[in-house]
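> Following this message is one structure expressed as structure tokens.
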Amino acid sequence: MADAPKIALDDVHKRFGEKRVLNGVSFEVTRGESLVIIGGSGTGKSVTLKCVLGLMNPEAGSIRIDGEETVGLGTRDRARVMTKFGMLFQGSALFDSLPVWENVAFGLIQGQGMARKAAKDLAVAKLANVGLGADVAELFPAELSGGMQKRVSLARAIATEPEIIFFDEPTTGLDPIMADVINDLIVKCVKDLGATALSITHDMASARKIADRVAMIYDGRIIWHGPVAEIDRSGNPYVDQFIHGRAEGPIRMQVKRL
Amino acid sequence: MGFVRSVGGAALVFLAATGRIALFAAVAVSHCVRPPIYGRLILRQMISIGYYSLPVVGLTALFTGMVLALQSYTGFARFQAEGAVATVVVISITRELGPVLAALMVAGRVGAAMAAEIGTMRVTEQIDALSTLSTNPYKYLVAPRLIAGFTMLPCLVLVADIIGVFGGFLVGVTVLDFNPGAYIQRTWQYLEAVDVISGLVKAAVFGFVIALMGCYHGYASKGGAQGVGAATTNAVVSSSIMILVFNYFLTGLFFSR
């Protein structure tokens with residue numbers, strides 16, 4: 001399976017009741033590549049990511065990791081596939097009952113059974129990788145700013161040295177400077193690990209910085225994909241409207257009349 | 001026709017909820033008995049449920065025992081049966097009031113906290129984060145709480161039994177002028193092992209129910225702060241009702257002839 005794409009989705013469908021969220025999503029991410037999926041709110045970005053992560057089950061379609069079909073995997077096989085993953089959540093999703101170092105070392109202690117002392121040393125090293133000092137290690141997440149929480153979350157995502165890292169809206173809620181710092185850290189960490197990255201965002205500055213390739217999702221399907229350098233000359237009116245943030249264009253915001 | 005439809009709809013909702021809770025309980029219990037077992041987390045929950053509930057359970061038991069002695073004395077005095085006060089207090093406390101009142105207090109204190117904590121973890125994606133870190137949320141969050149609830153409630157009820165009986169003794173001796181030795185002798189005279197054991201078995205069931213409902217409602221919560229609030233309310237209300245229903249059936253099981 002050396003030549004198989006790291007991640008491959010084929011005709012994935014997902015609905016919630018009557019609402020069809022994914023309507024045949026297909027794309028591939030090759031080893032070491034960083035793919036960013038862009039799209040507006042409610043277009044199916046987060047659901048796509050959760051289906052790949054196994055947090056949601058699609059009704060139809062195929063999701064393969066390293067060539068292995070993961071839709072319908074049993075608990076044990078799912079746990080094995082999960083060890084390949086690292087994830088940075090939109091709201092950081094740090095465990096607020098645990099100190100920072102234990103958050104970072106969580107996957108090492110619980111997932112890999114590493115001794116707490118060794119895991120703490122490694123966690124402090126990972127915190128240094130994202131620009132945080134050892135003094136932060138003993139604090140609790142509630143004592144940190146939003147930007148610091150994102151850094152801790154990034155340190156947690158890379159702590160187990162995963163093969164694939166997922167980024168869910170990594171710069172949402174951050175000021176432009178901190179957003180750029182996080183983008184730089186993401187690029188550095190992914191490159192250092194040689195990992196494959198799949199990100200979703202609606203922040204174009206972030207997408208341009210961290211992507212090798214960009215895919216645009218609209219109405220539950222991928223409507224354009226290509227190298228990040230070509231996004232300004234995609235020739236796709238949906239992509240043009242989105243990257244320039246215009247209200248006028250083929251994409252209509254669904255606003256219900258009061 | 002509309003009435004029948006609404007009754008049928010409510011019945012279906014009830015049955016679906018019962019099924020979901022039963023499935024949740026089955027998965028959670030299976031994780032309680034399969035390794036890895038998180039000893040540190042179980043211990044933390046035991047301290048949270050057992051040790052920190054002692055003041056509220058102790059105070060409830062103390063005043064229940066005291067008021068029970070006072071009320072039964074005024075009632076029995078009408079037909080010169082004041083001597084039965086000690087027996088009534090000990091049997092009422094060990095069989096019924098100890099386990100039920102302790103469980104209701106713990107449901108309010110611990111069940112609500114469990115639902116709020118797990119519910120907040122759900123809506124802030126912390127439970128999803130657990131899964132991505134190769135940790136099963138049932139094993140990490142639910143199993144330790146179920147084990148701690150199941151084991152700590154009997155311990156709490158044993159303490160509540162002792163404090164409740166002591167409350168009755170206190171009122172009996174200081175307010176009602178009973179002879180201390182005679183009161184203690186009457187307390188022991190008619191007390192049987194089954195009175196205490198049935199109360200402890202009830203407590204174990206109630207502890208399991210409180211933890212189960214707290215975890216289930218927290219785990220199933222959605223929609224932000226409002227969803228967490230609803231989960232907390234549902235956890236307390238459903239576990240309180242289930243405590244009272246299970247109490248009836250367990251009493252029937254132990255004492256029906």
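> Quick check for you: which residues of the stretch A:144-180 have the amide N under 18 Å from the point 7 Å beyond the Cα of A:ASP121 toward its beta carbon?
Within reach of a label on A:ASP121, which here means backbone N under 18 Å from a point 7 Å along Cα→Cβ, the stretch A:144-180 contributes A:159-161.
> Within chain B, which DSSP H helices have Cα atoms that stretch 20 Å or more along the helix axis and a mean Kyte-Doolittle hydropathy of at least 1.6?
Helices passing the filter in chain B: B:143-174.
> Let me ask something else about it. What share of Cα pairs, in percent, lie more than 14 angstrom apart in the stretch B:18-76?
When every Cα pair of the stretch B:18-76 is considered, 74 percent fall beyond 14 Å.
> Treating the Cα atoms of the stretch B:50-251 as identical point scatterers in vacuum, please give the log10 of the normalised Debye intensity I(q)/I(0) at q = 0.09 Å⁻¹, two decimals.
Log10 of I(q)/I(0), two decimals: -0.41.
> Provide the percentage of antiparallel DSSP beta bridges, counting only those with both residues in the protein assembly as shown; round to the nearest 5.
55
> When the Cα atoms of chain A are enclosed in a convex hull and the volume is divided per residue, what value in Å³ results?
Taking only Cα atoms, chain A has a hull volume of 151 Å³ per residue.
> Further question on the same structure: On average, how many beta carbons from a partner chain sit within 10 Å of the beta carbon of a residue in A:105-115?
3
> Can you name the helices of chain A, as whole DSSP H runs, whose Cα span along the helix axis is 24 Å or more and whose Kyte-Doolittle mean is not below 0.0?
A:176-193
> Let me ask something else. Suppose each label sits 7 Å from its Cα in the direction of the beta carbon; what would the A:GLN112-A:ALA134 distance come out to in nanometres?
With each label point 7 Å from Cα toward Cβ, the separation is 2.0 nm.
> Taking the number of other C-beta atoms within 10 Å as the exposure measure, put A:LYS117, A:LYS150 in order starting with the fewest.
The most exposed by this proxy come first: A:LYS117, A:LYS150.
> Suppose R0 equals 51 Å. What FRET efficiency, 1/(1 + (r/R0)^6) with r the Cβ-Cβ distance, do B:LEU15 and A:GLU143 give to the nearest 0.05?
Between B:LEU15 and A:GLU143 the formula returns 0.65.
> Mind ordering B:232-243, B:132-143 by average Cβ neighbours within 10 Å, highest first?
B:132-143, B:232-243
> Which three extents, in whole angstrom, do the alpha-carbon atoms of the stretch A:158-198 cover along their principal axes, largest first?
Answer, in whole Å and largest first: 29, 17, 15 Å.
> log10 I(q)/I(0), Debye, Cα-only the protein assembly as shown, no solvent, q = 0.07, 0.12, 0.13 Å⁻¹?
The Cα Debye sum returns log10 ratios of -0.52, -1.10, -1.22.
> Suppose the Debye formula is applied to equal point scatterers at every Cα of the stretch B:183-231; what is log10 I(q)/I(0) at q = 0.22, 0.23 Å⁻¹?
Calculated log10 I(q)/I(0) at the listed q: -0.80, -0.83.
> Ignoring everything except DSSP H segments at least 4 long, calculate the 222 nm mean residue ellipticity for chain B; use -39,500 (n - 2.57) per segment, divide by total residues, nearest 500.
Roughly -26000 deg cm²/dmol at 222 nm, from the helical runs in chain B.
> Round to a whole angstrom and tell me the spacing of the C-alpha centers of the stretch A:212-238 and the stretch B:164-235.
Their Cα centres are 63 Å away from one another.
Where a number appears in this text, it was derived from the coordinates with a stated rule and is not lab data. Just so it is clear, the model here is predicted, and its values are computed rather than measured. We place every Cβ from the backbone using ideal geometry, glycine too, and count neighbours over all the protein chains shown.
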